[in-house]
Structure formats: C-alpha cells, structure tokens
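Below is one structure, written out as structure tokens; the observations come after it.
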Amino acid sequence: MKKYKVGVIGATGMVGQRFVSLLENHPWFELTVVAASARSAGKPYGEVVKNRWMMATPIPEQAAALTIMNASEDIAAIAEKVDFVFCAVDMKKEEIQALEEAYAKAECPVVSNNSAHRWTPDVPMVVPEINPEHIKIIPWQRQRLGTKRGFIAVKSNCSLQSYVPALHPLREKYGLTKALVCTYQAISGAGKNFTTWPEMVDNVIPYIGGEEEKSEREPMKLWGRIEDGKIVNADWPSITAQCLRVPVSDGHMAAVFMSFDRKPSEEEIIETWKGFSGRAQQLELPSAPKQFLHYFTEPDRPQTRTERNLENGMAVSIGRLRPDTQYDYKFVCLSHNTLRGAAGGAVLLAELLCAEGYMD
Ligand SMILES: NC(=O)c1ccc[n+]([C@@H]2O[C@H](COP(=O)([O-])OP(=O)(O)OC[C@H]3O[C@@H](n4cnc5c(N)ncnc54)[C@H](OP(=O)(O)O)[C@@H]3O)[C@@H](O)[C@H]2O)c1
C-alpha cells in the first residue's frame, strides 16, 4: 500500500491534536502538513501546542517540528503537498462550508469532522460499518464541484456513535419501529477538560446546544439511500433524544429504549450484536476494531473508565439488555467520543476511501 501524504486543518485544536496523535506511525498515512488560524501560522507546531496539549501521549516529534500553515490563505500550497486533508476547525458554519469546498475545488479531498456539510445532499456522511455504500455518491458531488479528485466526506456526530451502531443490525432484521435515547456526554465533546471547564466538576448540565436535533436526525441520513445524485433520508424508525453533559473527561454513554415490528428474543439480539461486522472489518482497515460491538453480561458494565478505550477507543460497548414495560427492550451503550466519535471515526473513513480507490 502506498503511503498517503495528509494534512490536518485545525491541527492545534482538541480534535486536531487527536488526529496528529493517531497519525503518528499510521501504516498508510504520513502527516506532512499542519494548519490552523492566522494566530498560529508560521510558528512551529510543537511550540504552539506545548501549553495546550491535551492528549495522554507526548506531542509526536515529527509533528512538533512542522511549521503551521495558514488554513485559509495557503489552500493551494497545502493541496500541492498532500493527498487529502482532515478538517476540524472552530469557525462559523458558512465559513467552514466555504473552506472545505475551497480545498475540494483545489483537488484536495476533505475528510471532515465538522458538522457544516452533514446536510449537503451529495456529501456522504459515513460510519464505515453502517453505510459504506454512501461513498458512491462522490462522482455526483465531483460533477457539481467541477473537480476530478476533490470532494468532501464527513463523519456523523459523536452523540450517536454508541446507539446507532447498536440499533443498526437490529433495524432491518426485526423492523425497529422506535427508539428513545438519553445520552450522557463527556466534556471533551465540547473541546474542554476539567481545567478549562471547572464548572463541570460535580455538575450536570441538561443542555447541549443543537445536540438533540443531531441525535434524532443524523441517523436518518446514515440509514438513507442514494437516489439521483442525492442521499434521501430514511423515514424510520422514529427517534427521540435527550442529551446531558456529565462530569466525565472522555466517553459518551447512552440509555436506550427500543421497540420492533417483529420482537426478537434477548438471545437473538445479543447474538446479532456479537455476529455483526461491517465493511471496515471485511477490508481489515488499520483502525477498524476486530469486534465492533461488544456485549457485557455483568450488570454494572459497560463503565466509562473501564470500557471507553476498548479496541483503541474504536469499539462500542453494550450492556444491561432487558425487557421494558413501555418499550420492548432497554439497554445502555458507550463509545469514545473523540476516538470513534471524532478523529478516530474520520481516520477510519479516510481508510475506507483509500481502500475503495477514492483517494487515488
Ligand atoms: N471535541 C470533540 O469531541 C468534537 C467532536 C465532534 C466534532 N467536533 C467538531 O470539530 C471541530 C473542532 O473542534 P475542537 O473541539 O477541536 O475545537 P478547538 O479545540 O476549539 O480547535 C479549533 C481549531 O480551529 C482552528 N481555527 C479557529 N479559527 C480558525 C480560522 N479562522 N481559520 C483556520 N483555523 C481556525 C484553531 O486554530 P488556532 O489554534 O490557530 O486558533 C484550532 O486549530 C468543531 O467543528 C467541533 O464542533 C468536536
């Protein structure tokens, strides 16, 4: 496999740092460009992030030596140096949309962590185990953008990365009709830790702006289908969500209730979870977990601290499946929000795009 040269746009931020860490020693990808705002541009990466490095592992040496480029002004120069970029920036939605399109139009594919293009109808929003076929929309998007190579692909929101994978293999098999979801979300999802957000110590905030809408709507695009160059959303099941911010550093948990047209037994559900694998496993992508869905039988699992890093933070942990009095069943599930839910999910998507020939 050839090594792809990659850039990280927004490399100084929380998600950007995750990308930089994940790219160290990646078998297919080599980090050659880091870019951020004009505030950081022109300075060595190591110097800019040394007082704001939030990862558990040290700043990779090779990244520390790179000079930060200007994400908005150096687009052509960056496109020359890389095969594609990851993007995770904190800017206004319209600015992010324009920035990502500018990279795509410079013939530099963009794998984005941002939400700005998630609802653009010809931009695939992909979880490689769930809807890998949506990348087939890319030729239509290239036609609209007038590009040969350039395109934008995005990952979905971190809140749904635990419960949509758990619901997915049950959805068609047993006719999932509805789901009620309460999420308990870590503070790193807001780009914060306990030092930068001390108000979160010993506290729960029952509001995360825009999160409930994303948690209810985005699954419908993931379960949608390509029709005439657009992704048409699924119209079932109905999902209702409530999202809370809890005092946890990393790891989003969800309590889920679900009902079916053809109610399976508990054993059938657990067997379906255990037996499920997707395109990422078939292709043996480097970041794919060997087992995507892990079911725990202990009544007090999964727990955030013991399970969030399962399979390098790329697997989903499930437990406490039991009958419910108002829905058919209820369970809990957990995923790492900045690994599977953010940078790790985007790296896996980029691996899928490489393996399927979209980055050549
Ligand atoms: N944190 C998560 O778990 C998570 C999960 C899913 C999605 N997201 C999304 O990922 C994106 C980044 O989140 P984050 O938590 O990493 O944010 P962050 O820590 O605030 O980092 C923001 C990054 O954007 C750069 N930036 C800001 N203004 C810019 C500009 N005008 N031009 C170019 N670059 C600019 C910053 O560069 P400077 O350092 O130079 O200012 C920094 O690299 C956001 O869209 C967020 O919604 C985050």
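Laboratory data are not the source of any read-out in this text; all were calculated from the coordinates shown. The model shown is predicted, which means the values in this text are computed figures rather than measured ones. For neighbour counting, all protein chains shown are included, and Cβ atoms are generated from backbone atoms with ideal geometry for every residue, glycine included.
Annotations for the structure displayed:
- Taking 0.36 nm per residue of separation and subtracting the current Cα-Cα distance, fully stretching the chain between N309 and S238 would add 22.5 nm.
- Segment 250-312: C-alpha gyration tensor shape, a/c 1.5 cut-off, then a/b vs b/c: oblate
- CD proxy at 222 nm, helix term only [per DSSP H run n ≥ 4: -39500 (n - 2.57); per residue of the chain; nearest 500]: -8000 deg cm²/dmol
- Contact order, relative form, for segment 158-336: 28 percent (alpha carbon pairs under 8 Å, 6 or more residues apart, mean separation divided by residue count).
- Residue ranges 122-129, 323-330 sort as 122-129, 323-330 when ordered by packing (mean number of other C-beta atoms within 10 Å per residue, highest first).
- By the Cα gyration tensor, the chain has an equivalent ellipsoid whose semi-axes, rounded to whole angstrom, run 33, 24, 18 from largest to smallest.
- Between helix 344-355 and the chain: long-axis angle, C-alpha atoms, 0 to 90°, nearest 10: 70 degrees
- In this label model, L145 and R262 are separated by 4.1 nm, measuring between points 7 Å along each Cα→Cβ vector.
- In terms of packing, defined here as the mean over residues of other Cβ atoms within 10 angstrom, the peptides 32-40, 240-248 line up highest first as 32-40, 240-248.
- One chain, two ends: I205 and K2. Fully extended at 0.36 nm per residue, the span grows by 68.4 nm beyond their Cα-Cα distance.
- Extension gain for A77-K43 works out to 10.6 nm (0.36 nm per residue, less the C-alpha to C-alpha distance).
- Straight-line cross-link reach from K192 at under 26 Å between alpha-carbon atoms covers these lysines, not counting any fewer than eight positions away in the same chain: K43, K50, K92, K93, K155, K214.
- Summing Lys and Arg as +1 and Asp and Glu as -1 over all other residues whose Cβ lies under 12 Å from the Cβ of A76 gives a net charge of -2.
- Placing a label point 7 Å from the Cα of E271 along the Cα-to-Cβ direction, the residues of segment 290-307 whose backbone N falls under 17 Å of that point are 295.
- Global form of segment 1-78, assessed from the alpha-carbon gyration tensor, a/c cut-off 1.5: oblate
- Rounded if a/c under 1.5, otherwise prolate or oblate - segment 158-336, Cα gyration tensor axes: rounded
- Nearest 10 degrees, 0 to 90: helix 14-23 Cα axis against the chain principal axis: 80 degrees
- Cross-link reach is defined here as a Cα-Cα straight distance under 13 Å, omitting same-chain residues fewer than 8 places apart; for K105 the aspartates and glutamates meeting it are E80.
- Segment 268-360 - Rg and Dmax from Cα coordinates, angstrom: 15.0, 53
- Residue-by-residue Karplus 3J(HN,Hα) for segment 222-235, coefficients 6.51, -1.76, 1.60, Hz, glycine and proline x: 4, 8, x, 9, 7, 9, 6, x, 9, 8, 9, 5, 5, 10
- Virtual spin-label span in nm between Q282 and A255, 7 Å along Cα→Cβ: 3.8 nm
- Taking Cβ atoms as reference points and 11 Å as the exclusive limit, the residues near G7 contribute a net charge of -2, counting Lys and Arg as +1 and Asp and Glu as -1.
- The local environment of M200, defined by Cβ-Cβ distances under 10 Å, has a net charge of 0 under the rule Lys, Arg +1 and Asp, Glu -1.
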